[in-house]
Amino acid sequence: MFSWLQNDETKKKSTELFDTVASGLRSIYKHKLLPLESAYHFHDFHSPALDDPDFEAKPMIMLVGQYSTGKTTFIRYLLERDFPGIRIGPEPTTDSFIAVMHGDKDGIIPGNALVVDPKKQFRPLSKFGNAFLNRFQCSMVASDVLKGISIVDTPGILSGEKQRVDRGYDFTGVLEWFAERVDRIILLFDAHKLDISDEFKRSIEALRGHDDKIRIILNKADMVDHQQLMRVYGALMWSLGKVLQTPEVARVYIGSFWDQPLRYDSNRKLFEAEEQDLFRDLESLPRNAALRKLNDLIKRARLAKVHAYIITSLRKDMPSMFGKDSKKKELIKNLGEIYLQIQREHQISPGDFPDLKKMQAELANHDFSKFVPLKPKLIEIVDHMLANDIAKLMGQIPLEDAAQPQATSNVKGGIFTGHQDTSTPFGFKRFEGVEAGRGESDWIVAKEKYKYDEIFESLKNSEDKVAGATAKAEMVKSKLPNTVLAKVWKLADVDKDGMLDDDEFALAMHLINIKLDGHDLPDELPSHLIPPSKRPFHSGD
C-alpha cells in the first residue's frame, strides 16, 4: 500500500552525499559492511571492526627491519630532532612498538592507556594482551612533520640464537594489524647485513597482501664503495626475490639516511636522487590518504564476502545430530576443495580468498554448528555498496583534493623543508643542468662558446646566420630524437626569425649538451640563459 514511500526512501538513500570522503567511508562501513562482518564472525578470523579514528587518522608509516638497520635513526632524520623514548645503538635497542605522533608538547603515553583512548585508532590492539601493551607506547612530539603523518617504529627483528627467544606476544600478528592500517611499510636493510633471519622472513610474509604499500631501503650505503655497492644491491635483490615471491622487481631506495658525513662520497648524486624519490613518495601520503582508505575498504569488503561464503558452506555441510567432530575435521582438511567450489559457483578470483593454512588453523577453534546460513540480503547490500557508494566516493576525491590547498596537502617541516629547498645553493639539482649559471654576472654559455664558434663559422651563410636545414644537419649528430631537437630549436631561436646567429647557435649546442648529460630541458628559456645580445629584445617581447 505504501510502496511509493519505500521507493522514495530507497531513492533518497541512493542519492546520499557525504561531507567528506572519510565520513562517507565511515557511514557505508557501519551501515552496509559491518552487518555482514558481524553475522559471519569476520572479526574473529581476520581483523577487528573498524572504529571512527580509523577513518579520520593521519597517514601512518611503519618501519620494519632487523636490529641496527637504522629504523630509529631514520625517524630522527625525518624529524631532525629526538623524540621521547628514543634509543639508538648497534645492539637491539628498540624493544617496543613506538607510535610517534603529533602533540602540543613532548610526552609518552603507555600502551595500556593508549588502547583505551577513544580518539586514537589503537583500541583493537588490546586483544594482544599485557605482554604486548607493556611493549607499546606513543611518543608525542611537537613536530610539523607529524602534523601530516604518524610513524610507527618497531622492535629490531632478531637473528641467530636471539630469534628463538619468545617475545611473549604475537609479534607477526601485531605487524599484520598495523600493515592493514598504515599507508607505507618501509623495510630497511643494512648494506653490511643482508641476511634475512627466520623471524624477518616470517615478518615479511605477514605483510603479504599489502605489496602496494611496501617500500625498501638499502640503508648505510655510503659505508661501501661503488663496486661493492653494486654487489650488495644484487645480493639484496636475490634475497628479496626468494622471500617476496613476486614477478615484479621491488623498488629499492639506496642511501644513508642520517646527518653524518658520507664515508664514500662517490655516490653522492645517486643518494640525493634516491632520497628525493623516497621523500616525494612520503610527502604525498596526506593527498592520497582518502584513496588508500577507500582501496583498503574495497579489499576488506571483498574478503568479507568470500568469508561469508566459506562460513555458510561449512555450516551447510555439518550434520544436525551425530558425528559433528569428525565432520568438522574432514571439512577443515578439505578446505582447499571448498575454496575451488566457491570459486566456480560464485565466479570469485583465487586472489580474494584468505590464506588456506591460516584459515584452517582458525577454524579449528570454532563450533561450526553455531555458524548461520547464508543471508543473501547482506551480500546484496555489500554488492550495492561496491557498485554505487564506492563509485560516488571515488568521484568525490578529486573535488576534495581541488578544494584543499597544495600547501596543506603535503608533509612539511623537518627534513622535508630541506628536501623542498629552492632558496639555497644546496637544494636538489640547484645549479645543475639549465640551473647552471643562475645568479652569475657572466653568460655561462660564453665559457664554451669558442668551441661552438668554430662550428658556426663553417655553417654560416652570407647573413652570418645558420639556416634551419644546415643547423639540422649539425644538431642531429647528437643522436637526440627530433622532438627534443625541435624543443632545443624553439628555445634557442630567441628572436624567432627561423635562423640562428652565433649566440643562438652556441645556446642551442649548450642545451643539447645539457640534455646529453641527463638533465631535462625547460619549457621556457630561463632568463640567465638568454644571450646578452638578445636580452633587450626578449624583455621588449
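The values are calculated or read from the model by the stated rules, or taken from the named source; none is laboratory data. All values derive from a computational prediction rather than experimental measurement. Neighbour counts run over all protein chains shown; Cβ positions are idealised from the backbone, glycine included. Only protein heavy atoms, including side chains, enter the accessible area calculation; ligands, DNA and RNA are left aside. Shrake-Rupley method; radii C 1.70, N 1.55, O 1.52, S 1.80 Å.
Numbers for the structure displayed
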quantity	calculated
Protein accessible area in the chain, 1.4 Å probe - carbon and sulfur %	52
Within straight-line cross-link reach of residue 451, aspartates and glutamates at Cα separation under 16 Å, skipping those fewer than 8 residues along the same chain	474, 501, 502, 503, 504
Computed FRET value (nearest 0.05) for residue 483 with residue 533, which takes r as the C-beta separation and R₀ as 41 Å	0.90
Directionally averaged projected area (convex hull, Cα atoms, segment 427-506), nm²	6.4
Separation of the residue 27 and residue 276 label points, Cα + 7 Å toward Cβ, nm	4.3
Pairwise centroid distance, computed over Cα atoms, of segment 358-387 with segment 487-515, Å	68
Gyration tensor over alpha-carbon atoms, the chain, equivalent ellipsoid semi-axes in Å	55, 31, 24
Whole-number percent relative contact order across segment 20-151, with pairs defined as alpha carbons under 8 Å at least 6 apart	29
Residue 29 accessible area, assembled protein chains, probe 1.4 Å, Å²	0
Cα convex hull of segment 310-400 - mean projected area over all directions, nm²	7.7
Expected 222 nm ellipticity per residue - DSSP helices of 4 or more, -39500 (n - 2.57), all of the chain, to 500	-14000 deg cm²/dmol
Pairs beyond 24 Å (Cα-Cα), from 460/487; 269/479; 460/534; 242/305	269/479; 242/305
Estimated FRET transfer efficiency (residue 239, residue 364; beta-carbon r; R0 25 Å; 0.05)	0.15
Where only alpha carbons of segment 216-312 are counted, the Rg and the Dmax (Å)	19.1, 62
Acute angle (nearest 10 degrees) that the helix 449-459 long axis makes with the longest principal axis of the chain, alpha-carbon atoms	70
Å² of accessible area per residue within the chain, as computed with a 1.4 Å probe and no ligands counted	51
Members of 201/358; 357/377; 105/299; 201/412; 58/370 lying beyond 27 Å, as alpha-carbon distances in this model show	357/377; 105/299; 201/412; 58/370
Kirkwood-based shape ratio for segment 106-223, expressed as Rg/Rh from alpha carbons	0.97
Extension gain, residue 96 back to residue 195 (0.36 nm per residue minus Cα-Cα distance, nm)	33.4 nm
Separation in nanometres of the label points that stand 7 Å from Cα toward Cβ, at residue 230 and residue 446	4.2
Theoretical FRET efficiency, 1/(1+(r/R0)^6), r = Cβ-Cβ of residue 520 and residue 337, R0 60 Å, to 0.05	0.60
Projected label distance in nm at residue 269 and residue 142, using a 7 Å step from Cα toward the beta-carbon	4.3
Amide N proximity, segment 497-514 versus residue 464 label position 7 Å along Cα-to-Cβ, cut-off under 13 Å	501-504
